[in-house]
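Beneath this line is the structure, given in structure tokens, with notes to follow.
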Amino acid sequence: MPNNMEQANVQAGKLYTLQLPSKEESITQLEELIENLSDTYNISEDTFANMMTCLNEALINAIKHGNKMDATKKVIINAEVDNKRIIWTVTDEGPGFDYVHLPDPTAAENVENLTGRGVFIMKHLADQCIFNTSGNEVELHFKI
């Protein structure tokens, strides 16, 4: 017999999905979704800015590093929204990467490098940043 009290406490989230070709112009569709969700859910300016920065980084990484700029490969973006948070998932069709052993962008030998800060930025701006085992999917949590 199902426990009705348990089911009553489950907050059904709303899911938004984008399937984008691996080209830099796809960023516009992602930015539009972030803006629409921010308006719909009255997201603070700080959280909006953090989401925009993190998701731009995640999408660019997926396009350039994951899918190697192959426009026939897709990047799938999901946003699951409930009354407390948005969980974004960005998945590419690439083989993934070793997210555990990335060079520290704040180390003296890396400070002047033009690249290599994306994952560092995502980990600092999102409330949670979780990679799947192979490294071709990142989950970014933001409290709203």
Quiz item: If Thr89 passes every condition in (1) in contact with a Gly (Cβ under 7 Å, 6 or more places away or on another chain); (2) open to solvent by 10 Å² or more (accessible area, probe 1.4 Å) but one, which one does it miss?
Solution: (1)
Quiz item: Can you name every residue in segment 82-103 that is farther than 17 Å from Arg117 by Cα and either in contact with a Pro (Cβ under 8 Å, 6 or more places away or on another chain) or aromatic (Phe, Trp, Tyr) (or both)?
Solution: Trp88
Quiz prompt | Residues located in segment 113-128, provided they are closer than 16 Å to Phe97 by Cβ, at pLDDT 95 or above and surrounded by 19 or more Cβ atoms within 10 Å (Cβ to Cβ) | solution = Met122
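Can Thr133 be described as loosely packed, with under 15 Cβ neighbours inside 10 Å and not acidic (Asp, Glu)?
Yes: the conditions hold for Thr133.
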Quiz item: Could you list, in sequence order, the residues of segment 53-68 that are surrounded by 24 or more Cβ atoms within 10 Å (Cβ to Cβ) and without any contact (Cβ under 8 Å) to a residue 40 or more places away in the chain?
Solution: Leu59
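The values are calculated or read from the model by the stated rules, or taken from the named source; none is laboratory data. Since this is a predicted model, take the numbers as computed values, not measurements. Counting neighbours? That spans all protein chains shown, and the Cβs are built from the backbone with ideal geometry, glycine included. The accessibility values were calculated without ligands, DNA or RNA, using every heavy atom of the protein model including side chains. Shrake-Rupley method; radii C 1.70, N 1.55, O 1.52, S 1.80 Å.
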